[in-house]
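Notes follow once the structure below has been shown.
The values are calculated or read from the model by the stated rules, or taken from the named source; none is laboratory data. Keep in mind it's a predicted model, so treat the numbers as computed, not measured. Heads up, the Cβs are rebuilt from the backbone with ideal geometry, glycines too, and the neighbour counts pull from every protein chain shown.
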Amino acid sequence: MKAGAGLFSALALFLLIGAVATQRKPKKPKPSRRPPITRRPSVPQPAIPAQPEPQEPTDFPPPILGPPSIYPDCPRECTCSPSYPNSLNCENRNIRVIPVIPSRTHYLYLQNNYISEVTAEPFNNATEVRWVNLANNRIHRIDKQVFEKIPALLYLYAQKNQLNEVPSGLPASLEQLRLGRNRISKIPAGAFNKLVNLTLLDLYNNQLSDSDIGKSTFKDLKSLMQLNLARNTLKKMPAGVPSNLIQLFLDKNRIDDIPKDYFGGFTHLAFVRLNYNQLSDKGVPKAVFNVSTLLDLQLAHNQLASVPLFNGHLEHLHLNHNSIESINGTQLCPYSLHADLSDHSVVPRLRYLRLDGNHLSPPIPLDVIMCFRHLHSIVI
């Protein structure tokens with residue numbers, strides 16, 4: 001009985017193993033191939049027409065328009081303040097062309113824009129203009145007819161532009177003319193012949209040479225008090241400078257010689273600046289600066305080997321960065337060190353002396369201290 005049961009179990013086990021062995025893993029179906037993609041033929045697109053070049057130069061920002069004004073004649077490029085009804089403020093507006101100027105305008109501010117030329121049309125009704133500021137634009141031309149429209153002009157500021165010559169037709173009323181930082185290399189004949197009221201002429205940082213300044217260039221400037229010719233290419237002292245001048249600025253030129261009687265005809269000259277030139281002892285006559293009206297003399301950054309003589313009225317003397325090796329107070333002193341010092345009118349008035357950048361070393365000579373009793377500051 002037991003043997004029959006064992007046989008039956010063995011037979012069942014054999015059949016089970018065979019069933020398992022005959023089972024096969026199902027094969028993965030092969031991926032079907034996708035039909036090839038047929039591309040549509042490209043259709044040529046119509047060409048986009050090229051955009052025309054903008055009328056204004058592309059490096060300029062767009063003009064800035066101001067808010068509506070209570071004044072109907074106020075240009076949108078400008079502002080018109082009720083507090084200052086005679087002022088037209090058009091500065092920093094990125095404008096290229098001067099707008100029509102209202103007839104009520106006395107003060108016109110056009111600085112810091114992109115104006116390239118000044119024509120007469122905007123000034124047709126602006127006959128009362130007294131002050132025009134055109135600084136920091138790109139002006140290369142100012143029409144002569146402009147000044148016929150504004151015959152009462154007092155102040156013209158046109159510095160930092162691209163002018164090649166002094167404008168013509170300037171009105172006789174003009175009192176200040178600022179033309180610094182341009183490209184001026186020419187002063188037309190008679191450019192200043194009507195300017196009898198001009199007190200300030202600024203030609204700083206231009207391209208003027210000796211041949212551009214003749215004896216008659218400044219002869220009609222009877223009221224001139226300040227002349228600025230610094231940063232040009234002058235080799236000589238300018239000729240024909242009016243005798244009533246108070247301030248003469250000639251820094252950063254190439255001047256190497258001063259005629260011995262150059263300052264003799266001046267009656268009010270108080271300030272002379274000749275820094276950064278090529279002056280040496282050979283080109284500076286011994287007593288050329290002995291001028292009683294002179295208060296401030298600047299001769300820094302030259303080639304001087306000795307201190308030039310000066311008048312007792314001088315108060316400020318700049319001699320820094322020269323080639324001075326010694327200083328002798330006895331020779332410099334405008335009066336004898338043994339003179340009576342109770343009379344203060346004869347005591348030299350020098351208060352500031354700068355000698356640094358030379359070949360000097362402390363201490364300051366005693367005779368310098370004894371002579372210049374009012375000396376408050378000395379740099380050595």
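Some observations on this one:
- Filtered by the rule that a residue be buried (at least 20 other Cβ atoms within 10 Å of the Cβ) and either of a type in the set (Ser, Thr, Tyr) or in contact with a Lys or Arg (Cβ under 8 Å, 6 or more places away or on another chain) (or both), the stretch 164-179 gives Val166, Pro167, Leu170.
- On the stretch given as the stretch 301-334, residues that are of a type in the set (Ser, Thr, Tyr) and either under 16 Å from Phe289 (Cα atoms) or touching a strand residue (DSSP E or B) at 6+ places or on another chain (Cβ under 9 Å) (or both) total 2.
- Restricting Glu128, Glu121, Glu91 to those that are in contact with a strand residue (DSSP E or B) (Cβ under 9 Å, 6 or more places away or on another chain) and of a type in the set (Asp, Glu) reduces the list to Glu91.
- If the condition is being part of a loop (DSSP other than H, G, I, E, B) and either modelled with pLDDT under 85 or exposed (fewer than 11 other Cβ atoms within 10 Å of the Cβ) (or both), then the stretch 326-358 contributes Pro334, Tyr335, Ser336, Leu337, His338, Ala339, Asp340, Leu341, Ser342, Asp343.
- Taking residues in the stretch 350-364 that are on the phi > 0 side of the Ramachandran plot, and partners anywhere that are crowded, with 16+ Cβ neighbours inside 10 Å and in a loop (DSSP other than H, G, I, E, B), the pairs with Cβ atoms closer than 7 Å and at least 6 places apart or on different chains are Gly357/Asn320; Gly357/His321.
- Within the stretch 187-209, being more than 16 Å from Ser223 (Cα to Cα), surrounded by 17 or more Cβ atoms within 10 Å (Cβ to Cβ) and not polar (S, T, N, Q) holds for Ile187, Leu203, Tyr204, Leu208.
- Annotation note: of Pro122, Pro99, Pro151, the sole residue that is free of Cβ contacts under 8 Å to residues at least 60 places away in the same chain, over 25 Å from Ser185 (Cβ atoms), not in a loop (DSSP other than H, G, I, E, B) and not acidic (Asp, Glu) is Pro122.
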